[in-house]
Amino acid sequence: MALASGPALGIADFERIYRSLRLIRRAEEEVARIYPSDKIKSPVHLSIGQEAVSVGICDALRRDDVVAPTYRGHAAYLAKGGPLRELFAELYGKATGVAGGKGGSMHLIDMSHNVLGASAVVGTTIPLAVGYALALKRNKSDRVVVAFFGDGATEEGVFAESLNFASLHKLPVLFVCENNYYAIHTPITRRWATNRLCERVATYGIPVHRVENGDVLMLRELAAGAVARMRRGEGPSFIECLTYRWREHVGPNEDYDQGYRARDDFNRWLKDDQVERIGRMMSDESRAQIDSEIELDIADAIEFAESSPFPEIDKLYTNVFAGN
Amino acid sequence: MSSPATNQRLLTYVDALREGIAQEMRSDPRVFLFGLDVDDHKAIQGSTRGLVQEFGPERVFGTPLSEDAMTGVAIGAAMAGMRPIHVHIRMDFLMLAMNQLINIAAKSSYMYDGQVKVPMVIRSMIGKSWGQGAQHSQGLHAMFMHVPGLKVVAPSNAYDAKGALIAAIRDDNPVIFVEHRLLYYTDAFVPEESFAVPLGKARVCTNGDDITVVGISNMLVECLRAHEILSDIGIAAEVIDPISLVPLDIDTIVASVKRTGRLLVVDNAWTNCGASAEIVARVIECAQNGKPIQVRRMGYAPTTCPTTPVLEQAFYPDPGKIAQAVHAMVRPDANGWSPDPERAKLAYQVKFRGPF
Ligand SMILES: Cc1ncc(C[n+]2csc(CCOP(=O)(O)OP(=O)(O)O)c2C)c(N)n1
Ligand SMILES: [Mg+2]
C-alpha cells in the first residue's frame, strides 16, 4: 500500500505529540490514583499503554474533523482536544462535567471539539460515525470522521454492515481498530477463526493498513494519508493498530496476577512505550517544561472537579427530550 | 422459604444460580451454557464459576461479541432439541438480540404450529449504582412481557433464583430470566437438592390488611424493608413477590387487594407501559365490581439513568420513598411523615463498590 508521505516532522511536531501522549498517560494515572478514594464512582476503562493510537490518529486531524470514541475513550477525547477540567468533573459526577455528571466515564462527549458521544454498548458508535460522514459528504464538506473501536467490536454484525455501506458510498470515515488482543479477558485466539482482519475489511474495497508496534509516528503518517484520500472524496480507509492495555479491563489496577495474560507481554510492549520514545526525541529542558505544565494542568483539573458542585436535583429531568 | 430445614443452608443468590445450573447440567445432557465471558476467571460475577471445569468447553463456552447471531444460534440449537442457556452480563445487551428474540424465539412454536419448540433460557443482569448509567442499568422486562410466547421471570432472592432457574431450564419455551446485580450477594435458605419454583405462582411474603405491595426483582427487597419501617408505626403491608411476570399469578394479587383495598406496585423499571401498569390494570379489571381500590405505581424516574450519585439516588425508588408512599395512601390525613433515613438504608446496596 503506497503511503502518502507527508512533510517531515520537526521538533514542534514531536513536542505536540509528546504533550498529548504524556497528558493522557498522566491524567489516567491520576484517575487510577484517585479511584480508591471512591470520589470517582464511574466504571473507568483506562487507555494507559494505548495512548499512541488516539494521539497518532488525532494529530492528523483538523479541529473541525470528528472522532467517535468508545467507552475506553479518555484518550481519544483528550487527543482531540477535549478539555481536561470537564473530563475530571464528569468522572466526579459534578455539574461542571462535560455531560453535567449524567454520562460519566463511558459516555464522554464534547461537540465543541467534535468528539461524538461514546457508548457503553460495544460497536454501537461505528455506524454513527458512518452516518456523520454521510451528512458531511451530503453537505459538500471536506471534514472527515474517525471511528475508534476495539478488536471485540469487529465481531458485531454492525461492523461489517457499516464497512459495506461506507465503502459503497465512498464516505469520509476512517475506521481505526485498537486491537489490544482482548475483549475483557478473552483473547482473539478464542474469538476469531483467523486473525486476518485486514483481509476481511479489504474485501469491501477499503484500503487497509496494519501497525504492529504502536508506532505513533507511523500511525500519524497513515492517518494523514487516509485523511487526504477522504478529503479528495475517495472514501474510507481502515487501520488496524496492535496495542496493549496495561491495566485491567475496567478499573484502576493492573491484573497480571489474574492468570489470563502474562506480564511478559506487557514487558514487551513497555519497550516500545511511545510516551518514552517520543520523550527521548526532545531536549531534557523542553521535556521537563512540558511535564511540569501537564502536572499543573492536571492538578488544576482535579481541584476544579473537587470544588465543583454536584448537579441540582431538577437536572434529573433536563434533556430527556431535546431542548428541555 | 424462610424456615431452615435440614437440607437447607444459607446460600447467596449468585451461588444459587450456579448450583441450579450445575444440577440441571448434570441431570440433562441437552443443557449447555454459553455467552460472552461465561468461562473467564470472573465467571459472570461468579455465577458460572467452575462450570467449564466440571462440564468442559463443549457445554460451557464463551463467544465472540455477536449477540444477534448467538441468540439465533441458541434458537437453532433449541429447535434441534438442546436446551441452551445464553448469558448476558447486562440486560441492556439484549437489545442487540431483539430480532431473534421477538420475531423468532417468541413465535416459532405458534407460527410453525407446534412443529418446533424453543426451550432456552436468556439470563440477563440488571445493573445499578457506581455510575452504571444510561446503558448498563436498564430493567427492560416489560418489553418482553409485551410479546406472546416469551416467559419472563425475575427472582428477588436466592431460593427463587435457584428454583425458578431450574424451572426455566426445564420449560419448553424461551424464558427471559432477569437477575439483579445488587442481589448477587444477598442470601437465603436454599435446599441442596434440585427443586423447581413453578413459573406463574406468586409468593405472599408478609401478611397485612392495610395495603398490598407488589415488588419486582430487587424492589421486592426494598418493599420488605419498607414493610419493616411501616410496622414500627402500625401499618401492616401485605408484600407480594410475583417471581414470574409471564405467566403472572394475578389471582394471588387480586385476592389480596380485594381485602386491603389498596395496591402499590414497585418495579425496578419505568412505570410507563411497564410491569406495574400491567399489574394495576389487571387487578382493576378483575376487581372492578367490588369496593373501590386505591392504586399507585413506583419505578424509575421517567428519565434516563444518570451516573452521578446524587441524581441516581433520585432516580430509583428506595425503602424510604416506598414507606412514605404507603403511608400517604393508608393515612392520607396524617401528612408530613417521613421515615428514619438510617433505617431505610439497605446494607447490600450501601456496601456495593464498583467499578462494575
Ligand atoms: C454489545 C455489548 N456486548 C457486550 C458488552 C460487554 N463488554 C464491555 S467491553 C467488552 C469487550 C470489548 O472489547 P474490545 O472491543 O476489544 O474493546 P477493549 O475493551 O479491549 O478496548 C465487552 C464484551 C458490551 N458493553 N456491549
Ligand atoms: Mg480489545
>> I'd like to know if the stretch B:25-38 contains one or more residues that are among the hydrophobic types (A, V, I, L, M, F, W, C), more than 11 Å from every other protein chain (Cβ to nearest Cβ) and within 16 Å of ligand 1 (Cβ to nearest atom).
In response: yes
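Checking the conditions here, which among B:VAL152, B:VAL121 is among the aliphatic types (A, V, I, L, M) and free of Cβ contacts under 8 Å to residues at least 60 places away in the same chain?
Matching residue, one of B:VAL152, B:VAL121: B:VAL121.
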>> Please pick out the residue among A:THR70, A:THR124, A:THR96 that is surrounded by fewer than 24 Cβ atoms within 10 Å (Cβ to Cβ) and closer than 30 Å to A:LEU163 by Cβ.
In response: A:THR124
> In this structure, is A:GLU161 more than 9 Å from ligand 2 (Cβ to nearest atom), under 20 Å from B:GLU67 (Cα atoms) and in contact with a Leu (Cβ under 8 Å, 6 or more places away or on another chain)?
Replying inline: no
>> Being away from chain B (no Cβ under 14 Å), surrounded by fewer than 17 Cβ atoms within 10 Å (Cβ to Cβ) and more than 24 Å from A:ARG22 (Cβ to Cβ): is that true of A:ASP257 here?
In response: no
>> Going through B:VAL239, B:VAL257 one at a time, which residue ends up being over 21 Å from B:GLU228 (Cβ atoms), out of contact with any Phe, Trp or Tyr (no Cβ under 7 Å at 6 or more places or on another chain) and away from every other protein chain (no Cβ under 14 Å)?
In response: B:VAL257
> Which residues, counting only those in the stretch B:61-114, are within 12 Å of ligand 1 (Cβ to nearest atom) and assigned to a strand (DSSP E or B)?
Replying inline: B:VAL87, B:HIS88
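Applying the selection to the stretch A:283-320, what residues are facing chain B (nearest Cβ under 10 Å) and not in a helix (DSSP H, G or I)?
Result: A:PRO309, A:PHE310, A:PRO311, A:GLU312, A:THR318, A:ASN319, A:VAL320.
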> Here are some conditions: (1) within 16 Å of ligand 1 (Cβ to nearest atom); (2) out of contact with any His (no Cβ under 7 Å at 6 or more places or on another chain). B:PRO57 meets all but one. Which one does it not meet?
Replying inline: (1)
>> Return the residues of the stretch B:41-80 that are among the charged types (D, E, K, R) and buried (at least 21 other Cβ atoms within 10 Å of the Cβ); say none if nothing qualifies.
In response: B:GLU67
> Which one of the conditions (1) without any contact (Cβ under 8 Å) to a residue 24 or more places away in the chain; (2) away from every other protein chain (no Cβ under 14 Å) does A:VAL98 fail to meet, given that it meets all the rest?
Replying inline: (2)
> Is it the case that A:VAL208 is within 16 Å of ligand 1 (Cβ to nearest atom), at pLDDT 95 or above and among the hydrophobic types (A, V, I, L, M, F, W, C)?
Replying inline: no
>> Can you pull out every residue in the stretch B:285-322 that is over 17 Å from B:ILE126 (Cβ atoms), small (Gly, Ala, Ser) and touching a strand residue (DSSP E or B) at 6+ places or on another chain (Cβ under 8 Å)?
In response: none
> Among the helices (runs of 4 or more DSSP H) contained in the stretch B:241-356, which hold 1 or more residues that are over 17 Å from the mean Cα position of the chain (by Cα) and buried (at least 21 other Cβ atoms within 10 Å of the Cβ)?
Replying inline: B:250-260, B:275-287, B:309-315, B:319-330
> Which residues, counting only those in the stretch B:217-240, are at positive phi and surrounded by fewer than 23 Cβ atoms within 10 Å (Cβ to Cβ)?
Replying inline: B:GLY234
> Taking the condition among the aromatic types (Phe, Trp, Tyr) and within 16 Å of the chain's Cα centre (by Cα), does A:TYR244 pass?
Replying inline: yes
>> Only one of B:ARG49, B:ARG18 is within 14 Å of chain A (Cβ to nearest Cβ), closer than 23 Å to B:ASN157 by Cα and not acidic (Asp, Glu). Can you tell me which?
In response: B:ARG49
>> Please go through the stretch A:182-207 and give me each residue that is within 14 Å of chain B (Cβ to nearest Cβ), part of a loop (DSSP other than H, G, I, E, B) and of a type outside the set (Lys, Arg), ordered by number.
In response: A:ILE184, A:HIS185, A:TRP192, A:ALA193, A:THR194, A:ASN195
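Step by step: first the residues of the stretch B:126-155, then only those that are hydrophobic (A, V, I, L, M, F, W, C) and buried (at least 24 other Cβ atoms within 10 Å of the Cβ), then the one that is nearest to the chain's Cα centre (by Cα). Which residue is that?
Filtering first and then ranking leaves B:ALA154.
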>> Is it the case, given these coordinates, that B:ALA168 is within 14 Å of chain A (Cβ to nearest Cβ) and either surrounded by 21 or more Cβ atoms within 10 Å (Cβ to Cβ) or in a loop (DSSP other than H, G, I, E, B) (or both)?
In response: no
>> When the residues of the stretch A:174-201 are narrowed to those that are in contact with a Phe, Trp or Tyr (Cβ under 8 Å, 6 or more places away or on another chain) and farther than 22 Å from A:TYR256 by Cα, which ends up surrounded by the fewest Cβ atoms within 10 Å (Cβ to Cβ)?
In response: A:CYS198
> Restricting attention to the stretch A:109-157, which residues are within 13 Å of A:THR70 (Cα to Cα), within 16 Å of ligand 2 (Cβ to nearest atom), within 14 Å of chain B (Cβ to nearest Cβ) and outside any helix (DSSP H, G or I)?
Replying inline: A:ALA118, A:SER119, A:ALA120, A:VAL121, A:VAL122, A:GLY123, A:THR124, A:THR125, A:PHE149, A:GLY150, A:ASP151
> Is there a residue being away from every other protein chain (no Cβ under 14 Å) and at pLDDT 95 or above anywhere in the stretch A:101-108?
Replying inline: no
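The values are calculated or read from the model by the stated rules, or taken from the named source; none is laboratory data. The structure presented is a predicted model; accordingly, all values stated were derived computationally and were not measured. When we count neighbours, we look across all protein chains shown, and the Cβ atoms used for this are built from the backbone with ideal geometry, even at glycine.
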